[in-house]
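A.B. asks: Just dropping this structure here.
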Amino acid sequence: MDEVIVVEKVSKVYASERGPVHAIDRFSMKVKEGDFVAIVGPSGCGKTTLLWGLTGLHPFNGGKAYILGEEVDKPRKDVGIIFQQANLLPWRNILQNVLFPIEIMKENIADYEERVKDLLDSVELTGFENHYPRELSGGMQQRVSIVRALSYDPKVLLMDEPFGALDAYTRDEMDTLLLGIWKKTKKTIAFVTHRIEEAVYLANKVYVMTPRPGTNSAVFDIDLPRPRPEGITMEQKYFEIVAEIKKRIVKDVEKQKEEGVYQSQAYSTVT
Amino acid sequence: MTRVRSLLLIAFSLLSFVFLWNVSSYFKLIPYFPGMPSVFRVILKNYEFLASAAVVTTRRAMLGLSLGLLAGVTGALFLAWSSVANAVLDPYISLTKSTPSMALIPVFILWFGLVETARIAFVAVACFFVVFVSAAEAIPNVPKVYQWSASTLGASKGDIYRSVVLASILPHLFGGIRNAATLSFAAAVASEFIGAQDGLGYALIHFGINYRLDKMIAVVAIITLLAAVADLTINILRRTFLRWAVEK
């Protein structure tokens, strides 16, 4: 099983108050086992819709998507999802929150407690097991949601701008933390973000989506050393890659404007 | 505001209240208005009568409240489960929100007669609506994101109901229970205004006929105290069982 996520020309049109929205148009992507792929594009280009399609909750209208060789048509136990908001259940303490997936999957909680405690330790949240979400900062809550997604040991992680709601400093910290977790757990990660800098720092490969309807614009292989050396984000080479991707996105937008098909991003996707 | 400052303000407010009460009584600013000392005297003098009236009213309030809560919470749990029930009942819930329950007392007396059942049933119905409506208002506001994140894990409708919907509406349900607890005393007293031979409501009417405003104020004070105790009890329960929802 080499390719864990295969997306073949998927399209998505959904109904909104202002009529049908053509969010994705024949987008394709492949993610190898253990790979870290980022998907970037101007806001509203359908990145989030793509990820929601992969969760199996909001299926695509056209094309096919496969995870671990099986067509995606419903939520799967080998996929972990991390949203922009931590979405922790406020009535459960941290330990109960990270064990929530185990409960839903009707597994034996005792079998997972050790694992979950190790994970909490790896995101420096030991000692917060009995705290309630509202007692934690945004960054801590998002770390809990990462542990929750990892608790049942899924092979694939789908992340939708997971650090978008955090302040710049915490965001950078979380990126580094995520790379540590990735190295340790060897998960296959598809990471949606609108921050090119973040995508380049994290991923092996960056898929660029055009403005809506989102389709393949370009794929960039990120030729930066692994593990990422400290201060890599200050180096010439890093800036060059970031600039190249940004230029690409600007060009896509310009092209659509010339053709008169560019839609300003008046409405969000799945809310 | 510092703690000392707010305590001082509370003390000032209480003292002003006592002062204004007694001044308006002393200078007869309000007709027939008794001073605080005479109210205390009345309570001490009629201790036995007032206590037995309070027991009767409390019994009616608590029996009605229990029945109302039982029906209200059961109804709320059903409403949270069934979107069909939600749609069917929606117009009635919106309507009953504006029905003053006190207007139903004469109707209940007609239905049940001048018996104990009528009074308890009335308290029960009044409490039921408060609890039921509070739940009905909370159900559409259960955050969708929680339901989604459970769905992405493959949660069934039953899973989501148990682990997301019920917990989300619980604080609102508790708010409804708290309102119902205070309301139960008001409803019990009001039900005693018509044709009762005992209870605090009867005492109010009886003292009113005899122009004994001092005794009436004493009864009102006792009702207030009882309702406050009910409110405090529910609040303590809420703080114990819903720690996650209580503000720091």
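The values are calculated or read from the model by the stated rules, or taken from the named source; none is laboratory data. Please read these numbers as outputs of a predicted model, since none were measured by experiment. Counting neighbours? That spans all protein chains shown, and the Cβs are built from the backbone with ideal geometry, glycine included.
A.B. asks: Could you look through region A:130-171, keep only residues that are hydroxyl-bearing (Ser, Thr, Tyr) and within 22 Å of A:GLN96 (Cα to Cα), and pick out the one that is nearest to the other protein chains (Cβ to nearest Cβ)?
C.D. replies: Ranking the candidates gives A:TYR132 first.
A.B. asks: Just a yes or no: is a residue in region B:237-246 closer than 30 Å to A:ASP73 by Cβ, in a helix (DSSP H, G or I) and within 14 Å of chain A (Cβ to nearest Cβ)?
C.D. replies: no
Yes or no, residue by residue, for (1) hydrophobic (A, V, I, L, M, F, W, C); (2) part of a helix (DSSP H, G or I); (3) within 13 Å of chain A (Cβ to nearest Cβ):
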| position | (1), (2), (3) |
| --- | --- |
| B:ALA118 | yes, yes, no |
| B:VAL133 | yes, yes, no |
| B:ILE160 | yes, yes, yes |
| B:SER168 | no, yes, yes |
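A.B. asks: Which of the following residues is of a type outside the set (Gly, Ala, Ser) and touching a residue at least 12 places away in the same chain (Cβ under 8 Å): A:ASP118, A:ASP111, A:ASP153?
C.D. replies: None of the other options fit; the residue is A:ASP153.
A.B. asks: Which number in (1) of a type outside the set (Phe, Trp, Tyr); (2) crowded, with 18+ Cβ neighbours inside 10 Å; (3) within 27 Å of A:GLN96 (Cβ to Cβ) marks the one condition that B:PRO140 misses?
C.D. replies: Checking B:PRO140 against (1) of a type outside the set (Phe, Trp, Tyr); (2) crowded, with 18+ Cβ neighbours inside 10 Å; (3) within 27 Å of A:GLN96 (Cβ to Cβ), the one that fails is (2).
A.B. asks: If you don't mind, another one. Would you say B:LEU95 is within 24 Å of the chain's Cα centre (by Cα), in a helix (DSSP H, G or I) and either closer than 30 Å to A:LEU150 by Cβ or without any contact (Cβ under 8 Å) to a residue 40 or more places away in the chain (or both)?
C.D. replies: yes
A.B. asks: Follow-up. For the subset of region A:89-107 comprising residues that are at pLDDT 90 or above and more than 9 Å from every other protein chain (Cβ to nearest Cβ), which member is surrounded by the fewest Cβ atoms within 10 Å (Cβ to Cβ)?
C.D. replies: Here the answer is A:GLN96.
A.B. asks: What residue, among those in region B:188-204 that are assigned to a helix (DSSP H, G or I) and in contact with a Phe, Trp or Tyr (Cβ under 6 Å, 6 or more places away or on another chain), is surrounded by the fewest Cβ atoms within 10 Å (Cβ to Cβ)?
C.D. replies: My answer is B:GLY201.
A.B. asks: Follow-up question, since we're still on this one. For region B:173-183, give me the residue count where each residue is of a type outside the set (S, T, N, Q) and surrounded by fewer than 21 Cβ atoms within 10 Å (Cβ to Cβ).
C.D. replies: Looking only at that region, the number is 2.
Residue by residue, here is whether (1) surrounded by fewer than 24 Cβ atoms within 10 Å (Cβ to Cβ); (2) out of contact with any Asp or Glu (no Cβ under 8 Å at 6 or more places or on another chain); (3) within 14 Å of chain B (Cβ to nearest Cβ); (4) in contact (Cβ under 8 Å) with a residue 12 or more places away in the chain holds:
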{"site": "A:ASP35", "(1), (2), (3), (4)": "yes, yes, no, yes"}
{"site": "A:PRO59", "(1), (2), (3), (4)": "yes, no, yes, yes"}
{"site": "A:GLY69", "(1), (2), (3), (4)": "yes, yes, no, yes"}
{"site": "A:LYS74", "(1), (2), (3), (4)": "yes, yes, yes, yes"}
{"site": "A:GLY80", "(1), (2), (3), (4)": "no, yes, yes, yes"}
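A.B. asks: Restricting to region B:46-60, what's the tally of residues that are charged (D, E, K, R) and surrounded by 13 or more Cβ atoms within 10 Å (Cβ to Cβ)?
C.D. replies: 2
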